[in-house]
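The values are calculated or read from the model by the stated rules, or taken from the named source; none is laboratory data. For clarity, every value in this text was computed on a predicted model and none was experimentally measured. Here the Cβ is made from the backbone with ideal geometry for all residues, glycine too, and neighbour counts use every protein chain on show. Ligands, DNA and RNA are stripped out before the accessible areas are found, and what is left, the full protein with its side chains, is counted by its heavy atoms. Shrake-Rupley method; radii C 1.70, N 1.55, O 1.52, S 1.80 Å.
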Amino acid sequence: MHQPGNNLTQQARLDEVRDALLRLHRLDELAHRQHGLQPERVELLSHRQALVDLERRLAPLHPADIADVLEALPLNERLLVWQHLRPALYGEVLLEVSDAVREHLLEQMDDAAILQVAEHLAPDELADLAQDLSRRTLRELFDNLDVARRARLRSALSYREDQVGALMDFELPSIREDVSLETVLRYLRRFKELPEHTDKLFVVNEGGQLVGVLPLRRLLVADPERLVSEVMAKEPVTFAPEDDADDAAEAFERYDLITAPVVDHQQRLVGRLVVDEVLDHIREESQQEALQRAGLREEEDIFAGVWRSVRNRWGWLAINLVTAFIASRVIDAFEGTIEQLVALAALMPIVAGIGGNSGNQTITMIVRSLALDQVDTSHTRRLLLKELGVGLANGMIWGGVLGLVAWLLYDSPMLGLVMTAAMTLNLLLAALMGVLIPMLQVRLRRDPALGSSVIITAMTDSGGFFIFLGLASLFLL
């Protein structure tokens, strides 16, 4: 286990590494200016010292800190840092970096290097890397594993990313229920160390079925002569490998869990779920949801090549283009109205913009509640009534304020009334779409966050223009 080597902030660690890289670049430029002549011995020595300085600055960093540094460096500097890490750290760093950066780093490694990294990783950790490996490399990896690790890796890969089985590990500190606590203590002293985050021992019977858990705090203070069966907790929180990972994360938060046993349908102990994996899952889900709301397909390496970034972004941009074209057609249909009353051109973006903001507020609340299982599609009618009420109140209040401002600016009370009415109607449209869009996606078995921000903005823009300009045509001309 690696501990953080210092108390520097992430930015300070990054600045230190960048300083070392800058020194290397300057030495390389100096050697390049010699037009191919053999550099002086002192320059070669300086270059080696610069590399040593880089390695010295990297040495005390925790793998998670190294991952942050790698993600913040351009591709050529990232590879230089990667090449000067201790190979023993490769596996842990690959597990910490983002999926996009991990894919880039693995592309630079040959099969032999990847297999060497795999030797130091547990099966559940290998499963995290497997999705980024080629079929050939994955086949070689399976061939190089012993029977037990191969079986565990197959088990981990058999579950979807959103299931508990994909998160569980196989370090199972288990004991029998018919032994004394003194026997348990003697048994534990045989190990050099316990698995990370061990806060309890799993109690199983002769058939490997879970019958309870023995918290370490009970083990340490209870009479050593007592039996495990007398001290253990007999109804622990358990999960099945097929359980939803989001439900497990909610249970960890509710019951303040550090570890929990994972059992099959026959109550046999098959793995354990650990809080750090749960936290990683929550973080990844949150990041993925934020990306999907913006219409991005996947996490993107900020320093990735142009074409890779284009592929990640083009889909929803194409949809945006279509919706923007529709909005432009709405405006074009009222070209005559705008020509006769130029004030409309200045005011209509306000109606559309406020509607988009209100819709995004509604859709964010609904998506969050769906993710937390606080609501489902059966609540659609109740949520619609509530959000329409909020939209009506906000429309009357803020539409009235903007209507008054428009009246005073353009000396037209009727324009003020149109502004108030348009704002209210567009906020009602935003509330309606903010509820219906995620609920419809759930009914279609799609992620409710997928492109939600793009869709709601398109609806409120086109709808806002149509409502405002339509009312203006009816009442102002």
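So which residues in region 81-98 are surrounded by fewer than 17 Cβ atoms within 10 Å (Cβ to Cβ) and assigned to a helix (DSSP H, G or I), if there are any at all? Give the derivation first.
To start, the set of residues in region 81-98 that are surrounded by fewer than 17 Cβ atoms within 10 Å (Cβ to Cβ) comprises 83-84, 86-88.
Residues satisfying the conditions are GLN83, PRO87, ALA88.
Give the residues of region 153-204 that are over 37 Å from the mean Cα position of the chain (by Cα) and acidic (Asp, Glu), sorted by residue number.
GLU177, ASP178, GLU182
Collect the residues in region 168-201 that are without any contact (Cβ under 8 Å) to a residue 40 or more places away in the chain and closer than 17 Å to LYS234 by Cβ, keeping them in residue-number order.
Of everything in region 168-201, just one residue is without any contact (Cβ under 8 Å) to a residue 40 or more places away in the chain and closer than 17 Å to LYS234 by Cβ, namely LEU201.
So ASN360 clears everything in (1) without any contact (Cβ under 8 Å) to a residue 40 or more places away in the chain; (2) open to solvent by 30 Å² or more (accessible area, probe 1.4 Å) except one condition, right? Which one?
For ASN360, the exception is condition (1).
The conditions are (1) surrounded by 15 or more Cβ atoms within 10 Å (Cβ to Cβ); (2) at pLDDT 95 or above; (3) not β-branched (Val, Ile, Thr), and GLU242 fails exactly one of them. Which is it?
GLU242 satisfies every listed condition except (1).
Please state which of the following conditions GLU182 fails to meet, knowing it meets all the rest: (1) assigned to a loop (DSSP other than H, G, I, E, B); (2) open to solvent by 40 Å² or more (accessible area, probe 1.4 Å); (3) over 22 Å from TYR90 (Cα atoms).
GLU182 satisfies every listed condition except (1).
Please verify whether region 158-168 includes one or more residues that are more than 30 Å from GLN288 (Cα to Cα), modelled with pLDDT of 90 or more and part of a helix (DSSP H, G or I).
Pass one, region 158-168, residues more than 30 Å from GLN288 (Cα to Cα): none.
Scanning region 158-168, I find no residue that is more than 30 Å from GLN288 (Cα to Cα), modelled with pLDDT of 90 or more and part of a helix (DSSP H, G or I), so the answer is no.
Suppose the filter is under 18 Å from VAL330 (Cα atoms), open to solvent by 10 Å² or more (accessible area, probe 1.4 Å) and modelled with pLDDT under 90; does ILE467 pass it? Give the derivation first.
Working: under 18 Å from VAL330 (Cα atoms): yes; open to solvent by 10 Å² or more (accessible area, probe 1.4 Å): yes; modelled with pLDDT under 90: no.
In short, no.
Criterion first (modelled with pLDDT under 90, farther than 26 Å from ALA333 by Cα and not β-branched (Val, Ile, Thr)) does GLY400 satisfy it? Steps first, please.
Working: modelled with pLDDT under 90: no; farther than 26 Å from ALA333 by Cα: yes; not β-branched (Val, Ile, Thr): yes.
No: the conditions fail for GLY400.
Working only within region 135-148, note down all residues that are under 28 Å from the mean Cα position of the chain (by Cα) and surrounded by 12 or more Cβ atoms within 10 Å (Cβ to Cβ). Steps first, please.
Here is the first cut: in region 135-148, the ones under 28 Å from the mean Cα position of the chain (by Cα) are 135, 137-138, 141.
Passing the criteria: THR137, LEU138, LEU141.
Looking at VAL375, VAL342, VAL322, can you tell me which residue is buried (at least 18 other Cβ atoms within 10 Å of the Cβ) and without any contact (Cβ under 8 Å) to a residue 24 or more places away in the chain? Before you say what the answer is, go through the steps one by one.
Values: VAL342 fails: buried (at least 18 other Cβ atoms within 10 Å of the Cβ); VAL322 fails: buried (at least 18 other Cβ atoms within 10 Å of the Cβ).
It is VAL375.
For region 380-392, name all the residues that are open to solvent by 50 Å² or more (accessible area, probe 1.4 Å) and within 14 Å of ALA422 (Cα to Cα).
Initially, region 380-392 is screened for residues open to solvent by 50 Å² or more (accessible area, probe 1.4 Å), giving 381-382, 385-386, 388, 390, 392.
Correct list: LEU392 only.
State all residues of region 418-456 that are at pLDDT below 90, surrounded by fewer than 21 Cβ atoms within 10 Å (Cβ to Cβ) and of a type in the set (Val, Ile, Thr); if no residue qualifies, say none.
Residue satisfying the conditions is VAL454 alone.
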